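Inspection log for the structure reproduced underneath, given as structure tokens.
What follows is calculated from the coordinates using simple rules that are stated; it is not laboratory data. What you see is a predicted model; the values in this text were computed from it and never measured. Positions of Cβ are backbone-derived with ideal geometry, glycine not excepted, and every protein chain shown enters the neighbour counts.
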Amino acid sequence: MNTATLGHREPLTRTIDRIARAGFGGIAPWRREVEQADVAALARQIRALDLRVTGYCRSTALPAATRQAFLANVEANRAALHDAAALGARCFVMVAGGIPEGERDLAGARAQFAEGVAALLDTARALNVPLALEPLHPMYAADRAVLNTLAQALQVCETVDPDNGGFLGVAIDAYHCWWDPALEASIDAAGRARRILAYHVCDWLRDTQDLLLDRGMMGDGVIDLPAMRACVEQAGYDGLVEVEIFSARHWWRRDPDDVLACCAARLQTVC
Ligand code: ZN
């Protein structure tokens, strides 16, 4: 369970308890919840409840207008990797960041992202926290992520880490990837390269009202989730399926325990 699904409405300590009580096997917390708390205490609580940390969300945007700002972004991510290690996270989720404000250099922003990933890889290895590159839907290319397809994410992995030392891979999110005509081939390639580190699910509502905060519950939208999960598992992924639903108008207004119960039921029936 990705904690964003519950809308960040409560302290993380309460969310952790709720998720464990609802029977989930894993949790993916966000930096905004963790960095204001006692990381070691959170890690103890998570371990005591036998929850796996499927990912730590997420990276500071890397592309920047100046070299100095870019290097500061790299260091912010390096610091976050230490928290990811303390939490025992299976991966650090990396979203690229958009085009720096006032610029139009998409290729340059993509090159900066790859350079930043390369700069962080040694730290990831030293801390035993793999970097999971998560491509976002291309509608976010301007302001959130210049990494937009699974094939593109794999290309960055192969360029930065051609020998695959086990600390660089991809996070596949159904919301971002479902539309991609090359999806099956890319999932297959990611599996053959042993690069699949995480699998995130929610649904794409046909009449979606907000392209950031109106994700659907699994089964309520247009994504063929059983087919996608089968593809990911055939590619060799045997980790947990992580539910990540941003839903300001609907699920974030519902009782958190009801949301968890619904997610648990849908995971069993439509994922
Ligand atoms: Zn995701």
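Could you list all residues from region 162-194 that are away from the ligand (no atom under 14 Å from the Cβ), out of contact with any helix residue (DSSP H, G or I) (no Cβ under 6 Å at 6 or more places or on another chain) and charged (D, E, K, R)?
Residues satisfying the conditions are Asp163, Asp180, Asp188, Arg192, Arg194.
Of everything in region 52-66, what is away from the ligand (no atom under 16 Å from the Cβ) and either closer than 17 Å to Gly25 by Cβ or more than 16 Å from the chain's Cα centre (by Cα) (or both)? Give them in sequence order.
The answer is Arg52, Pro63, Ala64, Ala65, Thr66.
Determine, yes or no, whether Ala107 is away from the ligand (no atom under 16 Å from the Cβ), touching a residue at least 40 places away in the same chain (Cβ under 8 Å), farther than 29 Å from Met218 by Cα and not in a loop (DSSP other than H, G, I, E, B).
So Ala107 does not fit the description; no.
Which of the residues spanning region 214-247 are away from the ligand (no atom under 14 Å from the Cβ) and part of a loop (DSSP other than H, G, I, E, B)?
Matches in region 214-247: Met217, Gly219, Asp220, Gly221, Val222, Asp224, Ala235, Gly236, Tyr237, Asp238.
Go through the residues of region 145-155 one by one and say whether even a single one is without any contact (Cβ under 8 Å) to a residue 12 or more places away in the chain and away from the ligand (no atom under 16 Å from the Cβ). First the steps, then the outcome.
Within region 145-155, the subset without any contact (Cβ under 8 Å) to a residue 12 or more places away in the chain is 155.
Checking the rest, the ones that are also away from the ligand (no atom under 16 Å from the Cβ) come to 155.
Yes, because at least one residue in region 145-155 is without any contact (Cβ under 8 Å) to a residue 12 or more places away in the chain and away from the ligand (no atom under 16 Å from the Cβ).
When you go through (1) within 16 Å of the ligand (Cβ to nearest atom); (2) at negative phi; (3) small (Gly, Ala, Ser) one by one for Gly97, which number turns out not to apply?
(2)
Conditions (1) in contact (Cβ under 8 Å) with a residue 60 or more places away in the chain; (2) under 19 Å from Ala4 (Cα atoms); (3) among the hydroxyl-bearing types (Ser, Thr, Tyr), marked per residue:
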residue: Trp30; (1), (2), (3): no, yes, no
residue: Ala65; (1), (2), (3): no, no, no
residue: Ala84; (1), (2), (3): no, yes, no
residue: Leu87; (1), (2), (3): no, yes, no
residue: Val93; (1), (2), (3): yes, yes, no
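Looking at Ala145, Ala141, Ala132, Ala109, can you tell me which residue is under 24 Å from His200 (Cβ atoms), among the small types (Gly, Ala, Ser) and in contact with a Pro (Cβ under 6 Å, 6 or more places away or on another chain)?
Values: Ala145 fails: in contact with a Pro (Cβ under 6 Å, 6 or more places away or on another chain); Ala141 fails: in contact with a Pro (Cβ under 6 Å, 6 or more places away or on another chain); Ala132 fails: in contact with a Pro (Cβ under 6 Å, 6 or more places away or on another chain).
Answer to the selection: Ala109.
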